[in-house]
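Have a look at the structure below, then the notes.
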Amino acid sequence: MRNLSFILQKEFRQIFRDKTILRMMFIMPILQLIIIPLAADYEIKHLSISVIDQDHSTYSKRLTSKLTSSGYFRLVQYDNSYSKALENVGNGKTDLILTIPAHFERDLIKENKATLALAADAVSNTKAGLGSSFATQIINDFNNEIREEWIRLPRFNDLPQIQITNVNWYNPHIDYHLFMVPGILAILVTMVGSFLASLNIVSEKEIGTIEQINVTPIKKHEFILGKLIPFWVLGMISVTMGMLVAFAIFRIIPQGSYLLIYLFSGVYLLSVLGIGLLLSTFSDSQQQATLFAFFFMMVFVLMSGLYTPIDSMPTWAKVIAYCNPPMYFVKVIRSIFIKGSGFTDMLPEFGAIVVFAIFFNLLAILNYRKRSA
């Protein structure tokens, strides 16, 4: 224990002496936690639409007005030129093209049906899919309004209606910040734990101090604990700062237990610190460690369910996702923040994180012994 205390003193002094590490551990995550949720907006509004009105009837103008007044679409063109609309699509000025054919109102009244053409710029599949869905829904509402105006029934004969009542559990106002902030907090904890821990150890390789440590009577587990504990403490501080930022900027308060957040964060930090330690055993310079960390962080972020639901991934991608530690932590943090889940609700995730912590730290220790032998 005495050797461990000396190592901890040395590590804390080394960390606090390096102002760059402190900025990367605290200032950078805070800025990212503020900026990314504000930029990663899942709401898509003010889509550009061109209306090719070849009918110029009351109904065609009424439909155009209904589209533009919905708040989802911004009218950039209203004329008869389809070629101009295609040119606007090519220039990125138009997202959707709605073509209202000639005799639209006449066909709708006389033949009880009419055809509209809706084309979407599918370079961005999200904008194309949501834009087409919004436009289709508005057109269906317009169709229902027209049909209700045509119906003439006696007063005592009520028109049968089906009413749908929506209830949004856990996130009643569909606030995407409530969904994004906890997930980004989990990713930032991953960055602090894995990336900075690996850089710290590799920096000692570059300046040669690790060779001096290897010839001292310090035991392997004391060296590993001396490297893990300082970054574990700083990682827990970053979790606290992240929750303070979530409350101060986004007014987000965990619905579940704070103690449960710290419990999962503490165990999860052990697993990502093990990943950082493992990366350091394969790296001889900070440049190599940075490239390794960048590769794994891309996998961690894209396969964690932060932006893309795991259930929507193909089978082979799901296998990779289930081997991805951040996936479990993102799920846990979101469950505690949004749903107020308890420990028993997330027992499988806790078991997976514990397994990852044991596996990566054990693998790092074994690999470190092999390289320092």
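The values are calculated or read from the model by the stated rules, or taken from the named source; none is laboratory data. Everything numeric here is computed off the predicted structure, so don't read it as measured data. All Cβ positions, glycine included, derive from the backbone under ideal geometry; neighbour counts span all protein chains shown. Side chains included, ligands, DNA and RNA excluded: accessible areas come from the protein's heavy atoms. Shrake-Rupley method; radii C 1.70, N 1.55, O 1.52, S 1.80 Å.
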| Is it fair to say Phe350 is surrounded by fewer than 20 Cβ atoms within 10 Å (Cβ to Cβ) and closer than 19 Å to Gly235 by Cα? | yes
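Which ones in the stretch 39-64 are within 17 Å of Pro101 (Cα to Cα), open to solvent by 40 Å² or more (accessible area, probe 1.4 Å), part of a helix (DSSP H, G or I) and not charged (D, E, K, R)?
Of the residues in the stretch 39-64, the ones within 17 Å of Pro101 (Cα to Cα) are 49-64.
Those still in the list that are open to solvent by 40 Å² or more (accessible area, probe 1.4 Å) too: 54, 56, 58, 61-62.
Subset that is part of a helix (DSSP H, G or I): 58, 61-62.
Listed by number, the list holds a single entry, Thr58.
Confirm whether Tyr78 is closer than 18 Å to Leu67 by Cβ, among the hydroxyl-bearing types (Ser, Thr, Tyr) and modelled with pLDDT under 90.
Values: closer than 18 Å to Leu67 by Cβ: yes; among the hydroxyl-bearing types (Ser, Thr, Tyr): yes; modelled with pLDDT under 90: no.
Spelling it out, it is not the case that Tyr78 is closer than 18 Å to Leu67 by Cβ, among the hydroxyl-bearing types (Ser, Thr, Tyr) and modelled with pLDDT under 90.
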| field | Scope the stretch 97-137; condition part of a helix (DSSP H, G or I), under 29 Å from the mean Cα position of the chain (by Cα) and in contact (Cβ under 8 Å) with a residue 24 or more places away in the chain; matching residues | value | Thr126, Lys127, Ala128, Leu130, Gly131, Ser132, Phe134, Ala135
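Here are Thr344, Thr290, Thr308, Thr281: which of them is modelled with pLDDT of 90 or more and of a type in the set (Val, Ile, Thr)? Steps first, answer last, please.
Working: Thr290 fails: modelled with pLDDT of 90 or more; Thr308 fails: modelled with pLDDT of 90 or more; Thr281 fails: modelled with pLDDT of 90 or more.
After ruling out the rest, the residue left standing is Thr344.
In the list Ile139, Ile109, which residue meets the criterion of being modelled with pLDDT of 85 or more and either closer than 26 Å to Asn80 by Cβ or exposed (fewer than 13 other Cβ atoms within 10 Å of the Cβ) (or both)?
Sole residue among the options that is modelled with pLDDT of 85 or more and either closer than 26 Å to Asn80 by Cβ or exposed (fewer than 13 other Cβ atoms within 10 Å of the Cβ) (or both): Ile139.
Quick grid of which residues meet (1) within 24 Å of Gln9 (Cβ to Cβ); (2) of a type in the set (Ser, Thr, Tyr); (3) in a helix (DSSP H, G or I); (4) more than 22 Å from the chain's Cα centre (by Cα):
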| site | (1), (2), (3), (4) |
| --- | --- |
| Thr190 | no, yes, yes, no |
| Ala197 | yes, no, yes, yes |
| Val202 | yes, no, yes, yes |
| Lys227 | yes, no, yes, yes |
| Trp232 | yes, no, yes, yes |
| Ile253 | no, no, no, no |
| Leu270 | yes, no, yes, yes |
| Leu279 | no, no, yes, yes |
| Under 7 Å by Cβ, and 6 or more places apart or on different chains, what pairs join a residue from the stretch 46-69 that is within 16 Å of Asn143 (Cβ to Cβ) with one that is among the charged types (D, E, K, R)? | Asp55/Glu105; Ser57/Glu105; Thr58/Glu105; Tyr59/Glu105; Ser60/Asp53; Ser60/Glu105; Thr64/Asp53
| query | Do we have any residue at all in the stretch 239-251 that's open to solvent by less than 50 Å² (accessible area, probe 1.4 Å), assigned to a helix (DSSP H, G or I), among the aliphatic types (A, V, I, L, M) and under 25 Å from Leu347 (Cα atoms)? | reply | yes
| query | Scanning for something in a helix (DSSP H, G or I) and surrounded by fewer than 19 Cβ atoms within 10 Å (Cβ to Cβ), does the stretch 322-331 turn up at least one residue? | reply | yes
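Any chance the stretch 179-194 includes a residue that's open to solvent by 30 Å² or more (accessible area, probe 1.4 Å) and under 24 Å from Asn367 (Cα atoms)?
First, pick out the residues of the stretch 179-194 that are open to solvent by 30 Å² or more (accessible area, probe 1.4 Å): 179, 191.
Checking which are under 24 Å from Asn367 (Cα atoms) leaves us with 191.
Scanning the stretch 179-194, I find at least one residue that is open to solvent by 30 Å² or more (accessible area, probe 1.4 Å) and under 24 Å from Asn367 (Cα atoms), so the answer is yes.
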